[in-house]
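**Q** Quick one: the structure is below, questions incoming.
The values are calculated or read from the model by the stated rules, or taken from the named source; none is laboratory data. Note that the coordinates shown come from a computational prediction; the quantities given were computed from them, not determined experimentally. Every residue, glycine among them, receives a Cβ derived from its backbone with ideal geometry; neighbour counts consider all protein chains shown. Please note that ligands, DNA and RNA were not included when accessible areas were found on the heavy atoms of the full protein model with its side chains. Shrake-Rupley method; radii C 1.70, N 1.55, O 1.52, S 1.80 Å.
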Amino acid sequence: MGYKYYNRTNYQFRSLVFTSLAHFTNDGNFLLFPTLITYYKFIPGVSITFLGIMAIVYNLLSGLLGTPIGRLADKINRDSFLIFIGIASEGISVLIFALAFLYMNYASYIIFLGSVLLGFGQAFYHPIGASILSFTYGKEKAPGAMGINGSFGSLGRAALPSIIVYSMAFLNNFNGLLLIFAYTMASAFIILSGLSFFNRSKYSEAETYNDKFNDNKIKSAPSIKLYYRFLLVLVALVFIRSMFLTGTVTFVPDYLDDIFKSKTLMGDILTLSFLSAVFGQPYFGSMVKKYGGKFTILITSLISTVFFALFLIYDNIIYITLVYLVYVFAAFSGFPVLLGYVGQVIPREFSTQSNALVWSFGNIVGGSAGIALITGFNALKYPLHFSLSIMLIFAVVSLVMVPLLPSKNKGEKVVKKDKEPGKV
């Protein structure tokens, strides 16, 4: 049986462009709700504890849905449509969030519905986007491509807080969010069209055609069970690390608003700080390629732990901005670091479900646990500074767990052994 040759390089650039747009839009919504907390807390009947619970809802929902969505993506080969569903759901959630400012008597119900839709929408992009890049770029080049792609996600995170604050200041609260809704929906349709070329079977066909050991090719696919130990350790580490990262980042806007009594300053600090991750993502993505995921996780975890501790000890605006900027540079590089590392160890036929397990369960469900802990402290009337400080314990624990991960060379041996002819 012959195979038509398919040139991988024809669509590498296109996959990078449109997954980067998806990452920009998706991660732009990462700080949507934390920014809105600073507005919603002034609506009568809406407490900061309720808003914390809503943050748990959308993070938990996103985390729990990520793995089944990853399995679905591996089965049905409709990646562009699935990403479209996710981004469009986020757009509709923005519209619903805007309605809370028109119908304040029903604000709690509206915020709950918006949170559910936001959580559903955010379950799609990361595992699927990482898989598209793994297919089009291959295992060796994918971490670098993910770094570039991730920088656009960081750019979205950096841009949105200021865009929301200024849009709501100049257009009013409802119309400001209406602008974000229109942009998000337009982006969803552009992404659907731009990624319509992608078909997983083409890349599998090309690998078979180019395999010089074709006559001795593997008769049976390896089992993902071979990688359970690696995934278990990585997911546990990421879970604890994300308790710290997501738990704190959700309430940092409120913390800054309390310190400086200005939503404009809060938005500007977040934008300047998150711009650093635009450069951090490709930098740490290249580090994964050169030194391996384990080393890069160690470095990023160490920097983020130290600089968040420094962030909490002084409230000068210049000091806080610079320190938080360095913290974000290292902390929010998870897309190329974590998923690039998974791509070095796990065969790509299990890529989306493995990515979803690490990203959706480890990163997002772990983040939900962190948000829940801080929300609990808020309900008990502890100062927010105290709650943020306590979260450093989880940063230290995740740092101590890094030596349990396999090294780059050990990870590559797993992959090579798995690909040997005749191995099951």
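**Q** Out of Phe124, Phe42, report the one residue that is buried (at least 20 other Cβ atoms within 10 Å of the Cβ) and either at positive phi or aromatic (Phe, Trp, Tyr) (or both).
**A** Matching residue, one of Phe124, Phe42: Phe124.
**Q** Which count do you get for residues in region 139-150 that are of a type outside the set (Val, Ile, Thr) and open to solvent by 10 Å² or more (accessible area, probe 1.4 Å)?
**A** Residues that pass the stated criteria total 4.
**Q** Now for a separate question. Filter region 251-299 down to residues that are of a type in the set (Ser, Thr, Tyr) and out of contact with any Gly (no Cβ under 9 Å at 6 or more places or on another chain) and give me whichever is most open to solvent (accessible area, probe 1.4 Å). Give the steps one after another, and end with the answer.
**A** Keep residues of region 251-299 that are of a type in the set (Ser, Thr, Tyr), which gives 255, 262, 264, 271, 273, 276, 283, 286, 291, 296.
With out of contact with any Gly (no Cβ under 9 Å at 6 or more places or on another chain) added as a condition, the list becomes 255, 262, 264, 271, 273, 276, 291.
Working: Tyr255: 22, Ser262: 29, Thr264: 61, Thr271: 27, Ser273: 0, Ser276: 11, Tyr291: 117 Å².
Filtering region 251-299 for residues that are of a type in the set (Ser, Thr, Tyr) and out of contact with any Gly (no Cβ under 9 Å at 6 or more places or on another chain), the one most open to solvent (accessible area, probe 1.4 Å) comes out as Tyr291.
**Q** Return yes when Ala158 is assigned to a helix (DSSP H, G or I), under 23 Å from the mean Cα position of the chain (by Cα), of a type in the set (A, V, I, L, M) and modelled with pLDDT under 95 and no when it is not.
**A** Considered against the rule, which asks whether it is assigned to a helix (DSSP H, G or I), under 23 Å from the mean Cα position of the chain (by Cα), of a type in the set (A, V, I, L, M) and modelled with pLDDT under 95, Ala158 comes out as yes.
**Q** Check region 155-164 and report whether any residue there is β-branched (Val, Ile, Thr) and out of contact with any Ser or Thr (no Cβ under 8 Å at 6 or more places or on another chain).
**A** yes
**Q** I would also like to ask the following. For region 304-324, what are the residues that are open to solvent by 50 Å² or more (accessible area, probe 1.4 Å), free of Cβ contacts under 8 Å to residues at least 40 places away in the same chain and not aromatic (Phe, Trp, Tyr)?
**A** Within region 304-324, Val306, Leu310, Ile313, Asn316, Ile318, Leu322 meet the criteria.
**Q** Specify which of the listed residues (Thr25, Thr9) is open to solvent by 30 Å² or more (accessible area, probe 1.4 Å) and either part of a helix (DSSP H, G or I) or modelled with pLDDT of 85 or more (or both).
**A** Within the list Thr25, Thr9, the selection yields Thr9.
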